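Below is one structure, written out as structure tokens, with a few remarks after it.
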Amino acid sequence: MSAESNSVNHPLPAAQRLRIVLVGTQHPGNLGSAARAMKTMGLSRLVLVAPEKAPNAESLALAAGADDVLEAAVTCETLAQAVADCRLVLGCTARSRRVQLEELLPRDAAARCVTEAAGGAEVALVFGRERTGLTNDELQLCHASVHIPANPEYSSLNLASAVQVLSYELRLALLEAQAAQGDAADVAERRDPPASHAEMESFFAQLADTLDAIDFHKGRAPESAMRKLRRLYLRAGLDAREVRILRGILADARRMAMLAGPKR
């Protein structure tokens, strides 16, 4: 069976399509620690692939309040089953020379995961066994690998710590995506409807009259300048409010030109 989403609600919708997959976990305590790392970053979907030991009292103790994540975890027999419905699968592993996969840093991996999840895709981040990691066959199921650039002189990273690093990066990417969506919605909400053809033509007529009134052309033929100005304003894609502002400026400019006329 494929892993299914649990019922935990989350304010960041894309997070509901992100799952953390732990393969062949050997120590039950790590299951609880991983659940805790996930919940602190707003993730809730945990999938266990053939753990050597099922979650137990030690797991619950180390979950430290993330019992709901641990209890809702889905267990699968193979990695293939756990990611069967996923469009993107990234394997967190040390560099492998046998399986040639694109290598991503955690931040780049998180950005890709969130982009896919925001588009409606199911996404999995896969972590291997504490001592041996993922097998080559399991890596073959991944679209790319994620490498945490730890200290090369001491790169032994605990499983739960690795889950915490990637969960943190996912959290940042989710918040950034949410902020970008909010900004886009605000802009769309504030923007008036595009100016109609009639509104633009009325604006161009007023612009031509105003340029004549302020002697902009200095005796030159106005057609060339007006063609260029028409292209400029049409390319700008003005909305109705912007056209009203510009027409107000033109009206004031024409009024000032009329007042200055007798003095000249």
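Remarks
- Tally of residues being of a type in the set (Gly, Ala, Ser) and either on the phi > 0 side of the Ramachandran plot or loosely packed, with under 14 Cβ neighbours inside 10 Å (or both) across the range 146-175: 2
- Qualifying residue in the range 116-123 (condition: at pLDDT 90 or above, over 18 Å from the mean Cα position of the chain (by Cα) and part of a strand (DSSP E or B)): no
- Residue check: Lys218 meets all listed conditions (1) surrounded by fewer than 14 Cβ atoms within 10 Å (Cβ to Cβ); (2) within 18 Å of Ala251 (Cα to Cα) but one, namely (2).
- Test set (1) closer than 30 Å to Ile249 by Cα; (2) in contact with a Lys or Arg (Cβ under 8 Å, 6 or more places away or on another chain); (3) part of a helix (DSSP H, G or I) - Leu172 fails condition number: (1)
- Test: residue in the range 148-158 that is assigned by TED's automatic domain parsing to the domain that holds Gly24, touching a Lys or Arg at 6+ places or on another chain (Cβ under 9 Å) and modelled with pLDDT of 90 or more: no
- Given (1) surrounded by fewer than 19 Cβ atoms within 10 Å (Cβ to Cβ); (2) closer than 25 Å to His27 by Cβ; (3) not polar (S, T, N, Q), index of the condition His143 fails: (2)
- Qualifying residue in the range 48-57 (condition: touching a residue at least 24 places away in the same chain (Cβ under 8 Å), surrounded by fewer than 21 Cβ atoms within 10 Å (Cβ to Cβ), in the same structural domain as Arg19 (by TED's automatic domain parsing) and of a type in the set (Lys, Arg)): yes
- Single residue of the range 204-220 satisfying the filter (within 21 Å of Met258 (Cβ to Cβ) and out of contact with any helix residue (DSSP H, G or I) (no Cβ under 9 Å at 6 or more places or on another chain)) that is modelled with the lowest pLDDT: Gly219
Condition check ((1) of a type in the set (D, E, K, R); (2) touching a Leu at 6+ places or on another chain (Cβ under 6 Å); (3) more than 30 Å from Ala63 (Cβ to Cβ); (4) at pLDDT below 90) across all residues:
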| residue | (1), (2), (3), (4) |
| --- | --- |
| Leu172 | no, no, no, no |
| Ala188 | no, no, yes, yes |
| Ser202 | no, no, yes, no |
| Pro222 | no, no, yes, yes |
| Met226 | no, no, yes, no |
| Val243 | no, no, yes, no |
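- Residue that is farthest from the chain's Cα centre (by Cα) [pool: residues in the range 5-25 that are of a type in the set (A, V, I, L, M, F, W, C) and at pLDDT 50 or above]: Val23
The values are calculated or read from the model by the stated rules, or taken from the named source; none is laboratory data. Only a predicted model underlies this, so the values are computations on that prediction, with no experimental measurement involved. Cβ atoms come from the backbone with ideal geometry, glycine included; neighbour counts cover every protein chain shown.
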